[in-house]
Amino acid sequence: MKFATKAIHAGQSPDPTTGAIMTPIFQTSTYTQAAPGKHKGYEYSRGTNPTRTALEDCIAALENGKFGLAFSSGMAATETALKLLKPGDEVITGNDLYGGSYRIFTKLFEPYGIKFHFIDFSNPETIREYLNEKTRMIWVETPTNPTLQIVDILAVSKIAKENNVLLAVDNTFASPYLQNPLDLGADIVMHSVTKYISGHSDVVMGALVVNDEELYKQLFFYYNACGGTPGPQDCFLALRGIKTLHVRMKAHCENGRQVAEYLRSHPKIEKVYWPGFPDHNNHDIAKTQMRDFGGMISIVFKDTSIENTFRIASSFKVFSLAESLGGVESLINHPATMTHGSIPKEVREKVGVVDNLIRLSVGIEDIEDLLEDLKQALA
Ligand SMILES: *Cc1c(COP(=O)(O)O)cnc(C)c1O
């Protein structure tokens, strides 16, 4: 099946008792058993729930993976993947990560005795300098947040395989529509389902997708044992959102392209980060591993003062100033004080997350209104 068909049908079939075309919201914590252990595959909803199963199968299908697991947030998904690690293990990860990932790596898992190397993945060969017998996982985010750098997943996966190291990819920014890391050799795909996959800014949820059955069983054990699993209403909303993922993504990419080009020629803007520009440092990799370039854009103002940035960030009429991304509505964000506020200033500035940078999540409103809004806010 092709992507658009999977987005609408994968994991879902009409309800056998009523013919309802939509997967019912199975609002139940438990399931009756005819005799102890004799049940229809469902025992208790921390472990499994039919609405959640439909969502997990759908997301797995979109990632060309065999097994999906849904979580109550993207961070719960990330945390579960990191539970594969033991004290003494080492992880190689990017120096331009989602702030919340950086926070649990350094504040939660480092005190448990796991070491993280935060590196620049722009040349994957750099990974070899940090590999040793303790390396157990490589954690990649691409495009990165907020500077939209592209990591060559295939090149990283070759190094991971040679060295028997797990490769996990946070695919939130691309969504399964733009990029499928398992096809490029990744072992684990992580999503903040909150963002493009759900797409309507009305749920917080996460997911992991894998192909290897042993890995799935291990992750399922943590998922069921620790219980960061979502309720059926949220799973229903995510499933509903996914049905238009392909249509929304096309619109995000098209609006993103026009906004990026407009901003690039604006006299008050120093730099525009967007992987669709032919002179973006990893444009060639973006072109081969992604279907299109997405609607995430970061801009740096020529005026370096935070006062100027705050003034502009507060003067939009169609864009809203808010954390998060990937919804139908356009958002702006000030990473230095919002999404990346938990990263020390000297650490974030090294990778370009300066006070005069703002990130745009270009929505799917009419492009003329978006360009008009940018024009008046930047005036
Ligand atoms: C939002 C986000 C997360 C965390 O997901 P939540 O659903 O907010 O817990 C992780 N990675 C990236 C890239 C994100 O944008």
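A few notes on this one:
- Given (1) in contact with a Ser or Thr (Cβ under 8 Å, 6 or more places away or on another chain); (2) closer than 25 Å to Ala61 by Cβ; (3) of a type in the set (S, T, N, Q), index of the condition Thr244 fails: (1)
- Top-ranked residue of region 323-345 - restricted to ones that are more than 15 Å from the ligand (Cβ to nearest atom) and out of contact with any helix residue (DSSP H, G or I) (no Cβ under 7 Å at 6 or more places or on another chain), ranked as farthest from Gly99 (Cα to Cα): Glu329
- Scanning region 62-101 for residues that are near the ligand (Cβ under 9 Å from one of its atoms) and small (Gly, Ala, Ser) yields Ser72, Ser73, Gly74, Ala76, Ala77, Gly99, Gly100, Ser101.
- For beta carbons closer than 6 Å, sequence separation of 6+ or different chains, a first residue in region 204-215 that is under 11 Å from Lys66 (Cα atoms) and a second that is open to solvent by 60 Å² or more (accessible area, probe 1.4 Å), the qualifying pairs are Asn211/Lys66.
- Counted residues, region 81-129 - those being in contact with a Phe, Trp or Tyr (Cβ under 8 Å, 6 or more places away or on another chain), among the small types (Gly, Ala, Ser) and surrounded by fewer than 18 Cβ atoms within 10 Å (Cβ to Cβ): 0
- Looking across Leu97, Leu69, Leu108, Leu82, one residue alone is hydrophobic (A, V, I, L, M, F, W, C) and farther than 24 Å from Gly341 by Cα. It is Leu69.
The values are calculated or read from the model by the stated rules, or taken from the named source; none is laboratory data. Since this is a predicted model, take the numbers as computed values, not measurements. FYI the Cβ positions are ideal-geometry reconstructions off the backbone, even for glycines, and counts take in every protein chain you see. Side chains included, ligands, DNA and RNA excluded: accessible areas come from the protein's heavy atoms. Shrake-Rupley method; radii C 1.70, N 1.55, O 1.52, S 1.80 Å.
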